[in-house]
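Working notes, structure below.
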Amino acid sequence: MGRLDGRVAIVTGAGGGIGREHALLLGREGAAVVVDDIGTRTGADAEAVAAQIRDAGGAAVATTASATWDGAAEIVGTAVDAFGRVDIVVNNATAGRNDDLWDYSREEWDLTMEVNLTGYYALMREAVPHMARQGGGAIVNTSSASGFGHPSHGAYAAAKEGLIGLTRTAAMELGRFGIRTNAIRPVALTVQVAEYHEHSARWRRLMDLTMGTGTTQMDPDAVSPAKVAPFVVWLCTDAAAGVNGCTFAVWGDKVSLLAEPRPKATIEQAGGWTLDDLDRVAPDELVPGLRNRWTLADNPDLQEFPDA
Ligand SMILES: NC(=O)c1ccc[n+]([C@@H]2O[C@H](COP(=O)([O-])OP(=O)(O)OC[C@H]3O[C@@H](n4cnc5c(N)ncnc54)[C@H](O)[C@@H]3O)[C@@H](O)[C@H]2O)c1
């Protein structure tokens, strides 16, 4: 008996990397799996992953439909045609370019938003009517610690942090239909990370400063993609029935429930604030001791603005 017998799961970007591990474990736990990947990553092969699930005695079909606004209906249609329902959506696909903020082209920005945010929403939009009529479902959105702030990843950081707002809102809107929506910020040594390190070695110290995790010194065995899958699959089981609208960091052997933003310091004055009042009060009572940490003096790895 698997924990997910009778359930139907969709995993995007599941032809390789972390998504492949989600698909394989969902299959081992008894879910019928739609393995989606357009195969932009070298070696990403949705059909090979689906075949591996079937060879192990599970049920799976592959699709190469794009996990974007235009492909979402086809992906959900594949699940309904093959297995008659949709219970689980693991939004995991990623694509896009990394660049300095002043360098993105419109196409690079749009691709990153499309695959990391708009496509995630589109798949939820297509799957939710099925889940609601069936009486429930589970959605896991794959965000990133990049959302905390990640130099040279501006578009990606924006998309992944936008996803956190979408996840919180979906939890509030869909909870009454028995649909739970949560987000993870994973870390795993995959092609994406290897490319990043190659692309932007100069940002490594800054990554450690923003994330505070030492993720740039990753030991491949300690942060393998397979270490992310168990928690994601657990979120999709009935054991996680009370978990809705939460964000988790999944880092190697660690899983952390992340705190939600709350006011850290507040000033209040009847009738509101003038600039003179703010000059007088804010430095000591609202932002005591704050200084710009992101200067060249503090961060010798940062480069001057490029010459024209
Ligand atoms: N690896 C990490 O440390 C890390 C850190 C933070 C967040 N994440 C997130 O975790 C998820 C998985 O990351 P990964 O490292 O396995 O990435 P990956 O690049 O190895 O895999 C992503 C997969 O998505 C597929 N894909 C790209 N565009 C697609 C589209 N339009 N439709 C369907 N599939 C598409 C690619 O072919 C690829 O197989 C991503 O959402 C990523 O942003 C990963």
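The values are calculated or read from the model by the stated rules, or taken from the named source; none is laboratory data. Not measured: the values here are computed from a predicted model. Glycine also receives a Cβ, built like all others from the backbone with ideal geometry; neighbour counts cover every protein chain displayed. The area values use the complete protein model at the heavy-atom level, side chains included, leaving out ligands, DNA and RNA. Shrake-Rupley method; radii C 1.70, N 1.55, O 1.52, S 1.80 Å.
Structure values in brief
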read-out	value
Glu21, sole failed condition from (1) within 9 Å of the ligand (Cβ to nearest atom); (2) part of a loop (DSSP other than H, G, I, E, B); (3) not hydroxyl-bearing (Ser, Thr, Tyr)	(2)
Residue in the stretch 44-54 that is modelled with pLDDT under 95 and out of contact with any Lys or Arg (no Cβ under 7 Å at 6 or more places or on another chain) present	yes
Qualifying residue in the stretch 72-83 (condition: part of a loop (DSSP other than H, G, I, E, B), modelled with pLDDT of 95 or more, open to solvent by 30 Å² or more (accessible area, probe 1.4 Å) and touching a helix residue (DSSP H, G or I) at 6+ places or on another chain (Cβ under 9 Å))	no
Single condition Gly272 does not satisfy, out of (1) at pLDDT 95 or above; (2) over 27 Å from the mean Cα position of the chain (by Cα); (3) within 28 Å of Pro151 (Cβ to Cβ)	(3)
Qualifying residue in the stretch 145-153 (condition: at pLDDT 95 or above and away from the ligand (no atom under 13 Å from the Cβ))	no
Condition met for Gly57 (more than 11 Å from the ligand (Cβ to nearest atom) and surrounded by fewer than 23 Cβ atoms within 10 Å (Cβ to Cβ))	yes
Of all residues making up the stretch 87-130, the number that are within 20 Å of Ile38 (Cβ to Cβ), open to solvent by less than 60 Å² (accessible area, probe 1.4 Å) and assigned to a loop (DSSP other than H, G, I, E, B)	6
Qualifying residue in the stretch 28-38 (condition: assigned to a loop (DSSP other than H, G, I, E, B), within 16 Å of the ligand (Cβ to nearest atom) and buried (at least 22 other Cβ atoms within 10 Å of the Cβ))	yes
Residues (more than 6 Å from the ligand (Cβ to nearest atom), assigned to a helix (DSSP H, G or I) and either of a type in the set (A, V, I, L, M) or at pLDDT 85 or above (or both)) located in the stretch 182-198	Ala194
